[in-house]
Amino acid sequence: KAGVTQTPRYLIKTRGQQVTLSCSPISGHRSVSWYQQTPGQGLQFLFEYFSETQRNKGNFPGRFSGRQFSNSRSEMNVSTLELGDSALYLCASSPPQGSFTEAFFGQGTRLTVV
Amino acid sequence: KQEVTQIPAALSVPEGENLVLNCSFTDSAIYNLQWFRQDPGKGLTSLLLIQSSQREQTSGRLNASLDKSSGRSTLYIAASQPGDSATYLCAVGSSGNTGKLIFGQGTTLQVKP
């Protein structure tokens with residue numbers, strides 16, 4: 001069974017640009033969550049999508065957005081990139097039960113903003 | 001607001017030692033607690049998941065316990081090996097209706113041969 005797949009693995013962008021990251025969950029999983037990991041702040045929750053609807057949102061500016069498609073694949077977009085957006089972005093998927101259970105993470109996308 | 005703390009931040013032990021990693025949380029109304037391992041620059045690997053109704057879970061040399069009333073969880077690693085060197089993270093899920101996890105800052109473990 002394939003795990004959570006994130007693409008691309010590495011990105012270098014210039015300040016002011018926008019970027020789109022992709023996450024393909026484990027087959028059959030309907031919940032996808034996104035996290036930002038930095039050395040100073042650790043792992044912080046960005047948002048969660050379930051059945052194409054945003055179910056929960058963390059405390060990030062509106063420059064961070066996401067969406068989920070009917071096949072449960074999810075994308076997150078960051079507009080007007082800032083140097084502080086440099087981080088490892090991780091997504092997690094969870095089984096389709098009505099209540100949340102175990103989270104499985106992808107390898108992450110390392111974003112560097114220069 | 002749920003806060004998760006892990007102590008110590010770093011730990012170095014000789015191979016073969018048994019060790020305990022600690023995780024504490026401020027709000028005891030949790031849904032579950034998950035322990036993860038992260039190797040440098042990599043994603044998170046799930047180690048153990050404890051539901052709020054459970055007291056412990058075991059997988060191989062790993063044992064995780066949960067005491068909701070005191071807001072604490074421990075991860076016990078038996079007979080540590082150099083391959084166990086990694087950062088260990090605990091994360092709390094506060095509701096059954098969301099995938100949101102609140103993470104601790106992690107404990108970086110080094111096991112010396």
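Data table
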{"quantity": "Rg to Rh quotient for the stretch B:51-109, alpha carbon positions, Kirkwood Rh", "calculated": "0.99"}
{"quantity": "Student exercise, the protein assembly as shown dipole from Lys, Arg, Asp, Glu Cβ charges, in Debye to nearest 20", "calculated": "480 debye"}
{"quantity": "Value of Rg to Rh for the stretch A:61-114 (Rh from inverse mean 1/r over Cα pairs, i.e. Kirkwood)", "calculated": "1.03"}
{"quantity": "Rg and Dmax [Cα atoms of chain B; Å; Rg one decimal, Dmax integer]", "calculated": "13.5, 44"}
{"quantity": "Neighbour-limited loop hits for trypsin sites (Lys or Arg not before Pro), the stretch B:1-59 (at most 13 other Cβ within 10 Å; DSSP other than H, G, I, E, B)", "calculated": "B:Lys1, B:Arg55"}
{"quantity": "Proximal charge balance of B:Thr87 [Cβ under 13 Å; K/R count +1, D/E count -1]", "calculated": "0"}
{"quantity": "Solvent-accessible area, 1.4 Å probe, carbon plus sulfur percent, for chain A", "calculated": "48 percent"}
{"quantity": "Spatially proximal lysines relative to B:Lys68 (Cα-Cα < 18 Å; intrachain offsets below 8 disregarded)", "calculated": "B:Lys1"}
{"quantity": "In sequence order, calculated HN-Hα J values of the stretch A:9-21 (Karplus, 6.51, -1.76, 1.60; Hz; x Gly/Pro)", "calculated": "7, 9, 9, 10, 10, 9, 3, x, 6, 10, 9, 10, 10"}
{"quantity": "At least 30 Å² accessible surface lost relative to isolated chain, residues of the stretch B:34-56 (1.4 Å probe)", "calculated": "B:Gln34, B:Gln38, B:Gly41, B:Lys42, B:Gly43, B:Leu44, B:Ser46, B:Leu49"}
{"quantity": "Cα-based radius of gyration of the stretch A:1-108 once divided by 2.2 N^0.38 Å, which approximates compact folds", "calculated": "1.02"}
{"quantity": "Distance cut-off 16 Å, percentage of C-alpha pairs in the stretch A:38-84 lying past it", "calculated": "46 percent"}
{"quantity": "Per-selection metrics, the protein assembly as shown (Cα): Rg and Dmax in Å", "calculated": "17.4, 50"}
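The values are calculated or read from the model by the stated rules, or taken from the named source; none is laboratory data. As the structure is a prediction and not an experimental result, all values here were calculated from the model. Don't worry about glycine lacking a Cβ; one is built from the backbone with ideal geometry, like all the others, and counts go over all protein chains shown. Areas reflect the complete protein model, heavy atoms only, side chains present, ligands, DNA and RNA absent. Shrake-Rupley method; radii C 1.70, N 1.55, O 1.52, S 1.80 Å.
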